[in-house]
Amino acid sequence: AFDETTLHRIAPSAILLVVRGMILAHTVPIGINLVPVAINQDMKALRPMDGLDPVFLLHLLLAQHGYILSKVSTAAHGTRRLEMRDISGLPVLTPPLPEQERLATLAAHTQTLISDLSARADRAEDLSAALTQRAFRGEL
């Protein structure tokens, strides 16, 4: 699509942030792109300045989710929006780059553990429900 249109290409390692839509009523989706992407007006792409690791910035913003969510307002027609001035005003502590990379690695590892534990909890819940059904049918 990039070769055949005038879409603006966003290079990998940009922080992608939803700034308009009803999802902002309860969640501010924040992510990082691993491949070139194009986005519409409902998203913004943040490029970390030199000396700021993109994954570290991602986790810094994720840690501020509650604050960012508190800055969401309602447009005249009812949809939710987040003004970039509220994001650009967030203080960003910038430890040395090796420390940022270490913290980003730890955060990613922690997120992997959380996802794994969540999947295991879901599986345990499914097994418990199946066991309960079998017990009520007298199959145990």
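Brief remarks follow.
- Residue within the stretch 129-136 that is closer than 23 Å to Met43 by Cα, open to solvent by 80 Å² or more (accessible area, probe 1.4 Å), of a type in the set (S, T, N, Q) and part of a helix (DSSP H, G or I) present: no
- Residues of the stretch 14-39 satisfying the condition of being touching a Lys or Arg at 6+ places or on another chain (Cβ under 8 Å) and part of a loop (DSSP other than H, G, I, E, B): Ala14, Val19, Gly21, Pro36, Ala38
- Condition check for Gly51: modelled with pLDDT under 95 and more than 24 Å from Arg81 (Cα to Cα): yes
- Candidates are the residues of the stretch 73-123 that are in a loop (DSSP other than H, G, I, E, B), closer than 15 Å to His59 by Cα and among the hydrophobic types (A, V, I, L, M, F, W, C); the one that is most open to solvent (accessible area, probe 1.4 Å) is Leu93.
- Counted residues, the stretch 51-72 - those being within 16 Å of Gln111 (Cβ to Cβ) and in a helix (DSSP H, G or I): 11
- If you go through the stretch 3-30 and keep only what is of a type in the set (Gly, Ala, Ser) and closer than 22 Å to Leu97 by Cβ, you end up with Ala11, Ser13, Ala14.
- In the stretch 47-72, the residue that is surrounded by the fewest Cβ atoms within 10 Å (Cβ to Cβ) out of those that are aliphatic (A, V, I, L, M) and within 15 Å of Pro91 (Cβ to Cβ) is Met49.
The values are calculated or read from the model by the stated rules, or taken from the named source; none is laboratory data. Predicted model, so just to flag it, every value in this text is computed and none were measured. Neighbour counts are summed over all protein chains in view; Cβ atoms, including those assigned to glycine, are modelled from backbone coordinates with ideal geometry. Accessible surface areas use protein heavy atoms only, side chains included; no ligands, DNA or RNA. Shrake-Rupley method; radii C 1.70, N 1.55, O 1.52, S 1.80 Å.
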